[in-house]
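This report concerns only the one structure given below.
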Amino acid sequence: MNKKKKDIPNVNFVADRLASNIRRIALLITTTCLLAACSQFSSRPGATTFHNISARYNAYFMAEQDMIEAEFTMRKAFKEDYNQLLPILLPMDSVLSLPVKPQLQDAIKKASIVAEKHQNSKWLDNSYILLGKSRLYLGEWADGLEALRYVYANGRDENDKNNALILLMRAYIVRKDYSNALGVAEYLSQQPLNKATLKDFYLTKAYLHQQNGEYLTSVAILEETFPLLKKSIETARIHFAAAQMYDRLGQYALANKHYRSVNKNRPDYDLGFYSSMNSLQNEVVLNPKKDLSSVGFDKMLKDRKNDDLKDRIYFTMGLLAEHRKQIPQAVAYLQKGAAASKGKNLEQKAYTYLQLARIHYESLESFELSKAYYDSALAILPQQAPEYRLVADRKRALDSFVAQYTIVTTEDSLQKLARLNPAALDNKIDAIIEEKEKQRLAEEEKAKKAMLAAQTANPQNTTNLLSNGNERRWELYDPALINQGKIEFKRAWGNRQLEDDWRRSSRPLRSTAGNNAINPADSSATVAGTEASTSMKKGDPQWQEVHDLLKKNIPLTDQQFADSQKKKEDALYNLGKIYRFDLKESQRAITTFERVLADFPKTQYKDEIYYLLYLSYEDNNQNKSAWKDKLLSEYPTSTYARLVSKATDVAGSANSGNPVKEYEAVYKMYTDGNFTKALEDIEQNLPAYKGGSMEDKFALLRVFLIGKVRGKEAYSQAITEFIRLYPSSIYLPRLKEMQELNSLSMGKR
């Protein structure tokens, strides 16, 4: 009996185990059935609900958070340049995305999970859009565009398809494919869009027209967009961009309306500051009688929060002073702005230098200082800045310009002195030396006082001439002052050789003024002083040495005067070409060429100058025809006469206006052996491309064709003309070799 009682628990245990196994098997069967019903390819309500929830709150949610974090970081890192037009949308820049590359790659990975495991989810289209956007930010354009096009072609939700097209349009804009972007915009304008999608579409379309330079259309679209935007810093910067476009359109009152709206939309400090500055600038322009002192600039300068922005305040004051034709005040304000620029705001300093360079060139005609400011601006201007290429080209042009201009002014001054009688000439030279001695001593005294003041202010650092606020900076920290100092040193001392002081002091005191060409008629002519700080006296050996050296450069003999005239003629001719082709200033080119003809009636450049004057006048100007007739009557057989006589037929050419196609057509005739027809065509079309990037290439082919058609004499002359007309051409070394070979060949014959 006891044994049976002991066996009862064992029976119950077996029964419990059996029931448990049955439940497990039932659960496994149920789970298997549910999973089979929740396949990503199933369209049953239970399956789609499961995959919608799994996609939205797992993979897509994490991908979306990565994108939000990446865009926030990129927006924070993006440095706004308030001197340029603010882009309405954040640029899709692969360089800007480098710091957030891990987040974007993680977003791609998570978004891809939705495509792989949740095909029946309604978040599939959103995941493809997110994936495409991430790839665009990373610079993977082909994959990004393919993902967006896939959504448009296969998407199941119309809103998602429209959002994909908006992002596709933005990608086209970034790549400057404006025709495709406009095609997408035309399609979207016909679609019913919800409020959020309509806002994004308007902003992207306004961005398209802004980047394409169509500011009036862009601001018209933005005016429709602002009611859809909430107050935010992003809305504030869009108001600022709209105001900038109104500024460019000359609508200053409307611009001020949007500048005031910036401060109503919670901008950051810099954005609010620049909007206030631009608004004040417009108020002065709209009210010419407004006194600059009453605008509020003084208050801004005294505000400690604007310590890092004083350069911009002075820059604006300089612009307004120039607008009112107050050039000295404008230069003073801009120089203060350059001195106030801090290290982190070098871009503003570059724009200040550009304004100073332009004023010194256009208004003051101080070409050397203008060149120095262009040099300084180019040294700190970012290469990706829109003005960089233009500034670099202008700087190169001014380098050549200053060299030729210096020759003209120097020879003019020397020739004026040569016309004086001997006694008057000696008195003039002595006066120049005396004036330079006074200047030298005054500068030495000023330098001593500055050094003493610096030592008194800061005994621990006697070499530091930096001062606080708006005072003068130490030259070694300011590129413009360095360039200006080089010019002044060269004027005063010439190209002095760099050597140890003991070598100089071991030699007798002597002049160094002979190292460069001297212009003794100018008060800033190169006159050497002595190594010591004592003044030279008239009658001293050093004085007489300098006197004789200056007099030596004056063209007193007929041969010297003729050489001086030749230098001046060549320099004026080169100046005219620089004005015409490099600086694009036709009127100054005309004045210079006419001066060459007036001063040098027998100039060797006469036929070419006639031709260049013909090119420099507008088509409807009667002087154009006059110079053409003059060229044809005086030089009927010259190359330039043939170019002018056939220039009117250019418009009828099949490829007119397309230099590449025109060159290909002529070159094909050359390779086919049709030399005569090719030469006729190239001489007919060459005037249309005068000053263009392919002009020297056309001219080179013309040289070859002349050799085939007109013989060796004409060929040799054509090479000489090419070398004279295109001194900076990349084909010049080869042409010089050909000239040498041609000379050897003719010599043997």
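The values are calculated or read from the model by the stated rules, or taken from the named source; none is laboratory data. What you see is a predicted model; the values in this text were computed from it and never measured. Cβ atoms come from the backbone with ideal geometry, glycine included; neighbour counts cover every protein chain shown. Just so you know, the surface numbers come from the protein's heavy atoms only, side chains and all, with ligands and any DNA or RNA stripped out. Shrake-Rupley method; radii C 1.70, N 1.55, O 1.52, S 1.80 Å.
Applying the selection to segment 158-178, what residues are in a helix (DSSP H, G or I) and open to solvent by 90 Å² or more (accessible area, probe 1.4 Å)? Of everything in segment 158-178, just one residue is in a helix (DSSP H, G or I) and open to solvent by 90 Å² or more (accessible area, probe 1.4 Å), namely 158.
Suppose we filter segment 94-116 for residues that are in contact with a helix residue (DSSP H, G or I) (Cβ under 7 Å, 6 or more places away or on another chain) and in a helix (DSSP H, G or I); how many remain? Selection size over segment 94-116: 13. What's the number of the condition residue 193 fails, among (1) loosely packed, with under 14 Cβ neighbours inside 10 Å; (2) of a type in the set (A, V, I, L, M, F, W, C); (3) assigned to a loop (DSSP other than H, G, I, E, B)? Only one criterion is unmet by residue 193, namely (1). For the criterion of being open to solvent by 30 Å² or more (accessible area, probe 1.4 Å), at pLDDT 80 or above, among the small types (Gly, Ala, Ser) and outside any helix (DSSP H, G or I), residue 673 passes. Residue 575 fulfils the conditions (1) part of a helix (DSSP H, G or I); (2) farther than 20 Å from residue 728 by Cα except for a single criterion, (2). So for segment 114-127 (the condition being in contact with a Gly (Cβ under 9 Å, 6 or more places away or on another chain), farther than 20 Å from residue 234 by Cβ and in contact (Cβ under 8 Å) with a residue 24 or more places away in the chain), does at least one residue qualify? Within segment 114-127, one or more residues are in contact with a Gly (Cβ under 9 Å, 6 or more places away or on another chain), farther than 20 Å from residue 234 by Cβ and in contact (Cβ under 8 Å) with a residue 24 or more places away in the chain. Test residue 599 against the stated conditions and say whether it is in contact (Cβ under 8 Å) with a residue 24 or more places away in the chain and over 24 Å from residue 412 (Cβ atoms). Here the answer is no, as residue 599 does not meet what is asked. Taking the stated definitions as given, is residue 247 of a type in the set (Asp, Glu), assigned to a helix (DSSP H, G or I), in contact (Cβ under 8 Å) with a residue 24 or more places away in the chain and closer than 30 Å to residue 207 by Cα? It is true that residue 247 is of a type in the set (Asp, Glu), assigned to a helix (DSSP H, G or I), in contact (Cβ under 8 Å) with a residue 24 or more places away in the chain and closer than 30 Å to residue 207 by Cα. Filter segment 379-393 for residues that are touching a residue at least 24 places away in the same chain (Cβ under 8 Å), open to solvent by less than 50 Å² (accessible area, probe 1.4 Å) and in a helix (DSSP H, G or I); which is nearest to residue 569 (Cα to Cα)? That would be 391. A count restricted to segment 96-107 and to residues that are surrounded by fewer than 19 Cβ atoms within 10 Å (Cβ to Cβ) and hydroxyl-bearing (Ser, Thr, Tyr) stands at 0. Scanning segment 124-142 for residues that are within 21 Å of residue 99 (Cα to Cα) and open to solvent by 10 Å² or more (accessible area, probe 1.4 Å) yields a total of 8.
Does residue 355 qualify as being among the polar types (S, T, N, Q), touching an Asp or Glu at 6+ places or on another chain (Cβ under 9 Å) and open to solvent by 10 Å² or more (accessible area, probe 1.4 Å)? When the stated conditions are applied, residue 355 passes them.
Out of the residues in segment 297-336 meeting the condition of being among the β-branched types (Val, Ile, Thr) and open to solvent by less than 20 Å² (accessible area, probe 1.4 Å), tell me which one is farthest from residue 279 (Cα to Cα). My answer is 331. One residue alone among 181, 242, 185 is in contact with a helix residue (DSSP H, G or I) (Cβ under 9 Å, 6 or more places away or on another chain), of a type in the set (Gly, Ala, Ser), open to solvent by less than 30 Å² (accessible area, probe 1.4 Å) and within 21 Å of residue 271 (Cβ to Cβ), and that residue is 242. Look at residue 607 and say whether it is surrounded by fewer than 16 Cβ atoms within 10 Å (Cβ to Cβ) and among the charged types (D, E, K, R). The answer is no for residue 607.
Being open to solvent by 40 Å² or more (accessible area, probe 1.4 Å), of a type in the set (Asp, Glu) and under 29 Å from the mean Cα position of the chain (by Cα) is true of residue 93. Residues of segment 327-338 include at least one that is aromatic (Phe, Trp, Tyr), closer than 29 Å to residue 379 by Cα and either in a helix (DSSP H, G or I) or in contact (Cβ under 8 Å) with a residue 40 or more places away in the chain (or both).
Going by the structure shown, is residue 59 modelled with pLDDT of 65 or more, in a helix (DSSP H, G or I), in contact with a Lys or Arg (Cβ under 9 Å, 6 or more places away or on another chain) and of a type in the set (A, V, I, L, M)? In short, yes. The condition of being at pLDDT 90 or above and assigned to a helix (DSSP H, G or I) holds for only one of 551, 567, that being 567. Looking across segment 703-736, the residues that are assigned to a helix (DSSP H, G or I), open to solvent by less than 40 Å² (accessible area, probe 1.4 Å) and either touching a residue at least 12 places away in the same chain (Cβ under 8 Å) or in contact with an Asp or Glu (Cβ under 8 Å, 6 or more places away or on another chain) (or both) come down to 703, 705, 706, 716, 718, 719, 721, 722, 723, 725, 735. Would you say residue 260 is open to solvent by 60 Å² or more (accessible area, probe 1.4 Å) and outside any helix (DSSP H, G or I)? Criteria not met by residue 260. Here residue 155 clears all of (1) of a type in the set (Gly, Ala, Ser); (2) open to solvent by less than 20 Å² (accessible area, probe 1.4 Å); (3) over 20 Å from residue 64 (Cα atoms) except the condition numbered (3).
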